[in-house]
Structure formats: C-alpha cells, structure tokens
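As structure tokens, the structure follows; a few thoughts come after it.
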C-alpha cells in the first residue's frame, strides 16, 4: 500500500481545516467536527514517522489539532460545586494513570525474545516503554478533552445533532459506493486501504468510503441511526424536516451496508429509544458494558456457548457461521497465549500472537480490540481501557435521576446507549477511534454535570430556606 502525494497533503492540510473550525464555530462543535471529519475523510494507512516523535496519521492529526484548538480557545463553562473531586473523578484519574503506567510496565517485563521456528521477535525495553506511554497519553487526549472541557446539556444536544448531520452527508458517498463499489479512497488518494474482496457481499458491495473498512463505516452509521431516533423522540426537527424521516432514511442506508452486527445494533438502539424510558436505556447500556468488561472472564471459564452461537449463525447463513466459528477458535488460542502473562501482557511487536512452532508462521487472527489489548497489555491494560470507555455509563445511571428536562433525559440516555453499543462492538471488531474516546469523555462529563447541578440546586434551596427562617 503506497501512499500518494494527495494523501500526505490531506494530513498536512487538516490542521488548517481544524483551526478554521475553531475560528468559525463554538469550541465543542469545532472539536467534534475535528474528530468526526478526520475519521470520515482522511486517508487510511498514510503516516509520517520521525524517530522519537509521535506518529502522524489519520488518528493522531485530529488529536493534536483538537488539543491545540482547545488550549487556544480555552472552553469554559460554569462548573457547579461538587463537579470535581468526586469518586468518579478519582476513578477516571486512576484508570488513566494505570493505562499509561501499564504500557511502560509491559515493555519492561518483556525483555526476552520470542523464538518460533525461523521467526525471532525482539524483546521490549525502556525505549519501547516510553514509546508505549507516549501512544497511551495521545490516545487518552480525546477522552480528557471531553471530560474536562465539555459535558453541558447544549454539548449533548450538539453531539446528537452533529452525528445526524454527519450521517446524512456521509450517506451520499456511501450510496455512491453501494452502487459503484468501494472506489472513493482509490479515486481520491490513489490506493486501496484494505483488501477489496472483503467489501463484496453477495451480489453487491459494502461501502467503506474513507473509513478504511466496511465495518467501520457501518458502525458509524449505526450511531447516526440511534442519534436520529433520539432527535425524533425529542421532537426536534433538522432543516425544517422531522428527525423521524431522517431516522428512516439512515436506517435504510444501514440495511444497504450489509453488516449484520451493525444492523442488529441499530435496530436494538432504535427500539430501545422509542419503546423504553431513558432510565431503562441507561440500564441496558450498563448491562452491555458490564458484559464487555467481563467477557475475558466469561471466555476463560467457558461460560459463553460459542459452539451453539456458531451453529445458530450457520443455520441463518453458512458463511457467517463458519466465520464466527473461526473467530471463536482464534480467540481461544489468543486467550491461552495471553494467560501466560496475564497481568501486563506480552508487549508489542506481535509477541502476543500464536505462531507455528516449526515454520514461525502466524496462525491466528486478532479481530477484537479486547483480545488485542489483553494480549499486549494484560488485564491491567484491558481493564484500564475498557473501564474508561464504560465509566460514563455508570455515572449516567445515577445522573439520569437528576435530569428534569425531557430532552436532556432523552439525549443522555441515547448517548449512553451509543457508547454501550460501541464498547460491545469492540469484542468482535477493533473499531476504537479518537472520536469514540471523545464521545465517552463527553458522556462521562455530562453525567458528572447533571449530578453536580442537582447538588447545587439542593444547596441553594437549603440556603434560601435558612434565610427565610432567619428572624428579621
């Protein structure tokens, strides 16, 4: 995969685009579109790497731009008493610290080389630890920005609206690829980012546009379907058109994406948003992330009937059943490998994968983000990463009781559900991107804000009562 001058130019131009967004729009809108725009438009696989400096690519460019933009604009909003220093803040800080420190520790504990046949994988050391910590800090920046600078009711509303607008605009490009095959990345940047055969489904195609894979495009569109359902339930229109029509349209595009998992997620999200209360939606989201956090344990103790699931999938579609069975077999092998160094993992350079002992050939496929993180950084890395992604939902479980405005309730619940489904999707796929981290940070901050403002109202009420009882 040879990158083109156009691809490199896009990476260099994006900071100009991002800074223009921060001039023209509010800090939250600019930050959101910096992440979403990069995810949806920048080239996949093109990178610039200088020794001892962070890699510049589709993921890191928007992170650097958003950090600089927020530092320049310095987003400020009134923080009610109790917003900072809560137990959830301390947990978030602890998980962020363990995420970074765990990356260093993993490298320091894996100095021995791995030898499999003719293949020799080098050990890791201090340099790799520093590089891993650097990568971990950069990855956490979107979450930190969402947590510390945003989280108001208007931010949640802009998040929902932004997702719907992005989905509507991107659907035009997706329709082009559904009709003509996934060619836009090749036409614009001059190369295919993935194996073209993976995007063929039956007699049609699965669009990927500039995301790099059809699964990434589909899971993003799923979030826009859920967001449009929330807008519709809140009775909010867009451009003078009821959001329910957009929900139906985006749902139809999602069906055309030919991704069973994303389609199922989109259907479940829409049904929950329309048919259940916001509190029930947050509980459903909490159930999803709790299952995701416990998934390695469930798999290790064989508590998930993988054979039955594969057989049921095979009854519906033989090809999907075989694919699912292969995925489960790979997970079993990789989980056994991870168990050999369960706390801090095997480190980088592919040391956590399984190789043929004679030929040294890699015999596994690590599709899920959970098994990738568990193998490389162990339980510490997995719990830190998935714990941070899930923390906002646990915060929202209490916060939902303090939201009095109907629209605020609907949006907080819908965003929690979107986060829960995105975390669940990290079990079969590796779809974690900077905009996902930012979304999780905003949801966490939104829950904190609701609880803190409710506490502020109680404090003011008590103060008012005390003044009323004071003798004149």
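Kindly indicate whether any position in the stretch 19-26 is in a loop (DSSP other than H, G, I, E, B) and closer than 22 Å to residue 216 by Cα.
For the stretch 19-26, residues in a loop (DSSP other than H, G, I, E, B) and closer than 22 Å to residue 216 by Cα: absent.
Kindly list, by first and then second residue, each pair from a residue in the stretch 44-57 that is at positive phi and modelled with pLDDT of 90 or more to a residue that is outside any loop (DSSP other than H, G, I, E, B) and surrounded by 17 or more Cβ atoms within 10 Å (Cβ to Cβ), limited to pairs with Cβ atoms under 6 Å and residues at least 6 apart or on different chains.
Listed pairs, sorted by first residue: none to list.
For the structure I just gave you, tell me whether residue 176 is over 25 Å from the mean Cα position of the chain (by Cα), assigned by TED's automatic domain parsing to the domain that holds residue 359 and within 21 Å of residue 223 (Cα to Cα).
Criteria met by residue 176.
Which count do you get for residues in the stretch 333-365 that are crowded, with 18+ Cβ neighbours inside 10 Å, over 23 Å from residue 134 (Cα atoms) and in contact (Cβ under 8 Å) with a residue 60 or more places away in the chain?
1
Quick grid of which residues meet (1) surrounded by 24 or more Cβ atoms within 10 Å (Cβ to Cβ); (2) on the phi > 0 side of the Ramachandran plot; (3) touching a residue at least 60 places away in the same chain (Cβ under 8 Å):
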position: 313; (1), (2), (3): no, no, no
position: 323; (1), (2), (3): no, no, no
position: 326; (1), (2), (3): no, no, no
position: 375; (1), (2), (3): yes, no, no
position: 382; (1), (2), (3): yes, no, yes
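Quick one: how many residues across the stretch 177-209 are surrounded by 16 or more Cβ atoms within 10 Å (Cβ to Cβ), under 22 Å from residue 251 (Cβ atoms) and modelled with pLDDT of 85 or more?
Residues in the stretch 177-209 being surrounded by 16 or more Cβ atoms within 10 Å (Cβ to Cβ), under 22 Å from residue 251 (Cβ atoms) and modelled with pLDDT of 85 or more: 8 in total.
Report yes if some residue within the stretch 345-362 is in the same structural domain as residue 121 (by TED's automatic domain parsing), in a helix (DSSP H, G or I), in contact with a helix residue (DSSP H, G or I) (Cβ under 9 Å, 6 or more places away or on another chain) and on the phi < 0 side of the Ramachandran plot; otherwise report no.
no
So, of the residues in the stretch 40-56 that are under 18 Å from the mean Cα position of the chain (by Cα) and buried (at least 20 other Cβ atoms within 10 Å of the Cβ), which turns out to be nearest to residue 170 (Cα to Cα)?
The selected residue is 40.
Quickly run through the stretch 97-141 and pick out the residues that are in contact with a helix residue (DSSP H, G or I) (Cβ under 6 Å, 6 or more places away or on another chain) and farther than 23 Å from residue 52 by Cβ.
Scanning the stretch 97-141 gives a single hit, 98.
Looking at residue 306, is it surrounded by 15 or more Cβ atoms within 10 Å (Cβ to Cβ) and over 20 Å from the mean Cα position of the chain (by Cα)?
yes
The values are calculated or read from the model by the stated rules, or taken from the named source; none is laboratory data. This structure is a prediction, so every number in the text was calculated from the model and none was measured. When we count neighbours, we look across all protein chains shown, and the Cβ atoms used for this are built from the backbone with ideal geometry, even at glycine.
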